[in-house]
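Below is one structure; the comments refer to it alone.
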Amino acid sequence: MKLPWKRGSVSLIAAAAEDRKLRLFFCCITTLGTVVFSLLNPQIIRYTIDSVIGTGPLEAPAFVSALIESMGGLSFLRDNLWICALFIIGAALFAELCNMIRSFTGSEIGETIAWRLLNTLYSHIQKLPWNWHVKCQTGDIIQRCTTDVDNIRNFIQNNLSELLRTVCIFIFSVIMMFSMDVFMSLVGLSIIPIIFVFSFFYFRRVSRNFARAEETEAQMHAAAQENYTGVRVVRAFGREAWEMKKFSEKTNAHANIWAEIGKMLGLFWGAGDILSGLQLAVIVAAGIFRSVYGDLSPGTFLAFYAYCNMMIWPVRQLGRILSDLSRTLVATERIREVLATEPETDPPDALFPQIKGEICFDRVSFSYGDNQVLRDISFTLKPGQTLAILGATGSGKSSLVHLLSRLYDLEDGCGTISIDGIDIRRIARSHLRKNIGICLQEPFLFSKTISKNISSLRVQADEQGVVCPSIKEAASIAQVHNSIEGFADGYNTIIGERGVTLSGGQKQRVAIARTLAGKTPVLIFDDSLSAVDTETDARIRSAMRGKIKDAAVIIVSHRISSLMQADKILVLKNGTVEDIGSHKELMERVGTYRRIFEMQASGFQEE
């Protein structure tokens with residue numbers, strides 16, 4: 001579902017509740033019912049004291065007078081006061097019934113909006129460019145999908161209908177009070193403007209602090225997530241104290257902001273108590289004075305006191321509602337920031353061709369901002385051939401691979417990359433990536449069974465624990481089948497988070513098996529054999545040559561022994577092609593490849 005993030009926070013939430021309009025209307029109706037029945041009781045008490053128990057005239061609307069006359073008049077009610085009590089109890093019960101229904105309906109609407117926002121956010125984030133994910137912190141993204149959505153849910157469930165109830169109670173109470181006595185109404189409302197002005201300035205101030213609190217909480221989550229993910233590195237280098245200090249600084253900043261918010265809340269509620277008490281004191285004093293001189297009946301005085309007392313809590317609640325509203329607006333704005341990021345899109349005429357794997361880079365140049373990393377790169381690779389890429393760190397090897405899978409897109413005038421003669425920018429991204437298998441140097445494994453990790457949604461893994469032959473075949477080529485069989489549960493062994501229960505070499509080989517299991521026409525191994533010993537490396541490459549004959553294979557490595565049997569070897573230097581050719585051809589020329597080969601052959605490793 002596409003939400004209208006451009007039209008503001010209200011439109012975003014309204015769109016998320018689009019198919020709940022009837023329930024929202026029902027929630028509003030029950031809220032009004034709660035208010036009406038709550039405000040009815042003071043009038044019943046007023047009429048009972050002044051006209052039923054007392055002898056004052058019945059100054060009630062025509063339909064109320066008609067109802068009393070139909071029951072036998074005021075004399076009948078004087079003889080049966082329990083009827084008045086029954087009306088009071090009935091009004092209170094109906095008010096609570098409407099309030100209960102209002103709460104249930106509000107909760108259902110809140111959960112629906114939260115569910116829709118979560119799904120929309122998650123779906124949108126899946127489609128965002130790789131460059132966005134590189135720049136954003138994981139902890140911040142998680143907070144926007146959890147804490148911020150929870151803030152919106154809580155406001156919808158607890159405060160949206162409460163805001164309507166507060167406004168209605170105030171408006172209807174004012175109407176009731178002015179209909180009874182104008183002077184007492186002015187006295188009772190004299191302090192209300194002060195409370196409103198105070199609440200307005202409080203809302204503006206607390207909104208800024210809530211925004212700062214959200215930012216510091218995101219930084220705190222990001223620091224914790226980074227520490228938990230890299231716990232082995234922290235332990236290995238003895239950086240526990242430094243990490244504790246860094247995290248303590250984040251938590252202190254977060255705690256200081258919330259301490260400031262707490263002071264503001266204390267000031268608001270304390271001042272609200274004083275103003276509310278002063279309001280009641282003024283109305284009681286004025287009511288007693290006028291009642292003594294006969295200008296105000298006892299029943300009307302009690303009704304005034306009841307209405308003023310009923311207004312105090314909603315008016316004070318307004319500050320809390322406004323503070324929660326400020327948090328909700330901050331949360332909504334943070335969600336809108338994510339939704340405002342343009343996702344990856346394909347042209348309407350995007351192609352879904354049958355990919356064979358003939359790759360052509362034609363004068364390709366690429367930059368990260370002002371930093372140009374690739375300059376005028378050209379080469380071709382046919383199906384069944386292997387291209388090896390060698391180069392120093394920062395020479396553009398991984399950037400070249402990312403361009404092929406369209407994690408980054410070429411700008412106009414910076415060359416073309418084509419597969420089977422078709423510019424990859426004309427091919428649908430999802431289709432292109434389904435036909436390119438990538439294995440990275442630092443593979444990510446999910447906390448699932450080894451079988452499900454290798455299947456990677458491209459090969460059907462039997463849910464009953466029976467491993468399909470294609471998974472075992474891929475594991476055998478990756479030289480990890482025997483290691484897996486050595487585990488107590490074999491292929492059904494559950495890997496720990498990020499594969500921590502496996503060694504570095506085992507993780508890389510499981511990742512290689514996952515790439516091979518896809519049987520894609522293009523295979524990319526981005527330094528994915530760095531944690532594997534030379535002998536196992538040779539066995540994997542030998543098995544791949546025997547089993548994978550039709551795929552176009554790209555191997556990125558610093559190890560010459562992993563590259564020397566490739567059909568073509570591309571040597572990158574400072575983002576340009578220094579040389580290209582077979583192992584034999586490159587060894588006949590003086591250059592980087594020959595120099596590295598001689599160093600590695602002599603037992604040295606290039607820095």
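The values are calculated or read from the model by the stated rules, or taken from the named source; none is laboratory data. What you are looking at is a predicted structure, and each value in this text was computed from that prediction instead of being measured. Glycine gets a Cβ as well: all are built from the backbone with ideal geometry, and neighbour counts include every protein chain shown.
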Task: Flag if Gly299 is modelled with pLDDT of 80 or more, part of a helix (DSSP H, G or I) and touching an Asp or Glu at 6+ places or on another chain (Cβ under 6 Å) - done: yes
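Residue by residue, here is whether (1) hydrophobic (A, V, I, L, M, F, W, C); (2) in a helix (DSSP H, G or I); (3) crowded, with 16+ Cβ neighbours inside 10 Å holds:
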position	(1), (2), (3)
Leu267	yes, yes, no
Gly277	no, yes, no
Val282	yes, yes, no
Tyr305	no, yes, yes
Pro353	no, no, no
- [ ] Within the stretch 380-401, track down each residue that is more than 15 Å from Arg363 (Cα to Cα), at pLDDT 90 or above and buried (at least 19 other Cβ atoms within 10 Å of the Cβ).
- [x] Thr386, Leu387, Ala388, Ile389, Leu390
- [ ] For Gly110, work out the one condition from (1) free of Cβ contacts under 8 Å to residues at least 12 places away in the same chain; (2) over 15 Å from Thr341 (Cα atoms) it doesn't fulfil.
- [x] (1)
Open item on the list: Kindly evaluate Gln317 against the criterion of being more than 27 Å from Gln126 (Cα to Cα), out of contact with any Lys or Arg (no Cβ under 7 Å at 6 or more places or on another chain) and in the same structural domain as Phe201 (by TED's automatic domain parsing).
Closed with: yes
TODO: Working only within the stretch 100-132, note down all residues that are surrounded by fewer than 19 Cβ atoms within 10 Å (Cβ to Cβ) and under 20 Å from Thr34 (Cα atoms).
DONE: Met100, Ile101, Ser103, Phe104, Ser107, Glu108
Task: Top-ranked residue in the stretch 25-60 [being modelled with pLDDT under 80 and either among the hydrophobic types (A, V, I, L, M, F, W, C) or not in a helix (DSSP H, G or I) (or both); ranked as surrounded by the most Cβ atoms within 10 Å (Cβ to Cβ)] - done: Val52
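Does the stretch 124-181 hold any residues that are among the acidic types (Asp, Glu), over 30 Å from Phe104 (Cβ atoms) and in contact with a helix residue (DSSP H, G or I) (Cβ under 6 Å, 6 or more places away or on another chain), and which are they?
From the stretch 124-181, those among the acidic types (Asp, Glu) are 140, 148, 150, 162, 181; that's our starting set.
With over 30 Å from Phe104 (Cβ atoms) added as a condition, the list becomes 140, 181.
Selection gives Asp140 alone.
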Open item on the list: Considering only residues that are of a type outside the set (S, T, N, Q) and touching a helix residue (DSSP H, G or I) at 6+ places or on another chain (Cβ under 6 Å), which ones fall in the stretch 183-211?
Closed with: Met184, Val187, Gly188, Ile191, Ile195, Tyr202, Phe203, Val206, Phe210, Ala211
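Which of the following residues is free of Cβ contacts under 8 Å to residues at least 24 places away in the same chain and either among the polar types (S, T, N, Q) or over 30 Å from Ser199 (Cα atoms) (or both): Gly391, Gly384, Gly369?
Gly369
Would you kindly identify the helices (runs of 4 or more DSSP H) lying entirely within the stretch 357-466 that contain at least 3 residues that are outside the structural domain of Val480 (by TED's automatic domain parsing), over 30 Å from Gly486 (Cα atoms) and over 29 Å from the mean Cα position of the chain (by Cα)? First the steps, then the outcome.
Working: elements: 397-404, 429-434, 450-455.
Because the criterion is at least 3 residues that are outside the structural domain of Val480 (by TED's automatic domain parsing), over 30 Å from Gly486 (Cα atoms) and over 29 Å from the mean Cα position of the chain (by Cα), the helices (runs of 4 or more DSSP H) in the stretch 357-466 that meet it are 397-404.
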- [ ] Filter the stretch 125-166 down to residues that are part of a helix (DSSP H, G or I), closer than 30 Å to Ser405 by Cβ and either basic (Lys, Arg) or out of contact with any Leu (no Cβ under 6 Å at 6 or more places or on another chain) (or both), then give me how many there are.
- [x] 14
